[in-house]
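My structure is below; once you've seen it, I'll send some questions.
The values are calculated or read from the model by the stated rules, or taken from the named source; none is laboratory data. Small disclaimer: the values here were computed from a predicted structure and weren't measured. Positions of Cβ are backbone-derived with ideal geometry, glycine not excepted, and every protein chain shown enters the neighbour counts. Each accessible area value is taken on the protein alone, full model and side chains, heavy atoms only, with ligands, DNA and RNA left out. Shrake-Rupley method; radii C 1.70, N 1.55, O 1.52, S 1.80 Å.
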Amino acid sequence: MPADVRIHPATAERWDDLRVLLAPRAEGGDACWCLAWRLPSGEFGRMLGPDREDRLHELVGGDVPPGLLAYVDGEPAGWCNVGPRSAMARLVRSTTIHPVDDLPVWSVVCFVVRTGYRRRGLAEELLDGAVAFAAAHGAPALEGYPVETGGARISTSLAYVGTTGMFERAGFARVAGTNATSGRRPRFVMRHDLGEAAARA
């Protein structure tokens, strides 16, 4: 029987499900909590794991959820960090991924798929959900900064930003190169125009 996959915004009532995906194995241990792109590098580096958890908890309780959760047969299985580029402080200050223009785009910065649910296309489901999510919030375009694999299989730790092939299948086009790499492989700025979809939303 095919799995039942559902995509939902990471709202406050889904906090426990998000913790399943992002919390370190040891309670109170250090973890990224998917804030590396949302905070300036210095602030992120000074912040301990529990403080990062508190900060993400605040974001989940805000007006615009900071990302999307994927559920497989009711179980939390994946996460996509997506929001306005202007809210991604490290991205705004990045010296390797420069803005293409002044359009107030949204950005997809990372994916997390739980062990046991990988290589099922769940990241692609989340990316499709991110396109709809950004359009529903009036974003004129959605960007990602995936890695070009050259057709080779790469580890999940390197593919957390997504792959260019995955973004192309979701309707994104390459608009610029970057000076960023993942596993020594190049990354590109890829964009999905949402003008008409955002207007309908």
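Restricting to the stretch 81-113, name every residue that is surrounded by fewer than 16 Cβ atoms within 10 Å (Cβ to Cβ), touching a residue at least 24 places away in the same chain (Cβ under 8 Å) and β-branched (Val, Ile, Thr).
Thr95, Thr96, Val100
Same structure, new question: Check whether at least one residue in the stretch 57-64 is within 23 Å of Ala159 (Cβ to Cβ) and open to solvent by 10 Å² or more (accessible area, probe 1.4 Å), and report yes or no. Before you say what the answer is, go through the steps one by one.
The first filter runs over the stretch 57-64 and keeps only residues within 23 Å of Ala159 (Cβ to Cβ), leaving none.
So far as the stretch 57-64 goes, no, none of its residues is within 23 Å of Ala159 (Cβ to Cβ) and open to solvent by 10 Å² or more (accessible area, probe 1.4 Å).
Then there's this: Filter the stretch 164-201 down to residues that are at pLDDT below 95, among the hydroxyl-bearing types (Ser, Thr, Tyr) and touching a Pro at 6+ places or on another chain (Cβ under 9 Å), then give me how many there are.
Summing the residues that are at pLDDT below 95, among the hydroxyl-bearing types (Ser, Thr, Tyr) and touching a Pro at 6+ places or on another chain (Cβ under 9 Å) in the stretch 164-201 gives 1.
Residue pairs, Cβ under 6 Å, 6 or more apart or interchain, first in the stretch 141-165 and small (Gly, Ala, Ser), second open to solvent by less than 10 Å² (accessible area, probe 1.4 Å) and not in a loop (DSSP other than H, G, I, E, B). List them.
Gly144/Val108; Gly144/Phe167; Gly144/Met190; Gly162/Gly144
Checking the condition closer than 17 Å to Ile7 by Cβ and under 17 Å from the mean Cα position of the chain (by Cα), which residue from Gly165, Gly144 passes?
Numbers: Gly165 fails: closer than 17 Å to Ile7 by Cβ.
From the options Gly165, Gly144, the qualifying one is Gly144.
Output the helices (runs of 4 or more DSSP H) that fall wholly within the stretch 22-92 and possess 1 or more residues being of a type in the set (Val, Ile, Thr) and within 21 Å of Val189 (Cβ to Cβ), or say none.
On the way: elements: 41-46, 49-60, 89-92.
Fully inside the stretch 22-92 and qualifying: 89-92.
Shifting gears a bit: State all residues of the stretch 23-44 that are without any contact (Cβ under 8 Å) to a residue 12 or more places away in the chain, open to solvent by 60 Å² or more (accessible area, probe 1.4 Å) and not aliphatic (A, V, I, L, M); if no residue qualifies, say none.
Arg25, Glu27
Using beta carbons and a limit of 7 Å, which pairs, at least six apart or on different chains, have the first residue in the stretch 7-22 and open to solvent by 40 Å² or more (accessible area, probe 1.4 Å) and the second one assigned to a helix (DSSP H, G or I) and of a type outside the set (Asp, Glu)?
From the stretch 7-22, the pairs are Ile7/Leu126; Ile7/Gly129; His8/Arg14; Pro9/Phe133; Ala12/Val60.
Now a separate question. Here is a list: Gly116, Gly78. Which entry is of a type outside the set (Ser, Thr, Tyr) and surrounded by 12 or more Cβ atoms within 10 Å (Cβ to Cβ)? It would help to see each step written out before you state the result.
On the way: Gly116 fails: surrounded by 12 or more Cβ atoms within 10 Å (Cβ to Cβ).
Exactly one residue qualifies, and that residue is Gly78.
Could you say whether any residue in the stretch 66-82 is modelled with pLDDT under 95, in contact with a Leu (Cβ under 8 Å, 6 or more places away or on another chain) and more than 21 Å from Val161 (Cβ to Cβ)?
No, because not a single residue in the stretch 66-82 is modelled with pLDDT under 95, in contact with a Leu (Cβ under 8 Å, 6 or more places away or on another chain) and more than 21 Å from Val161 (Cβ to Cβ).
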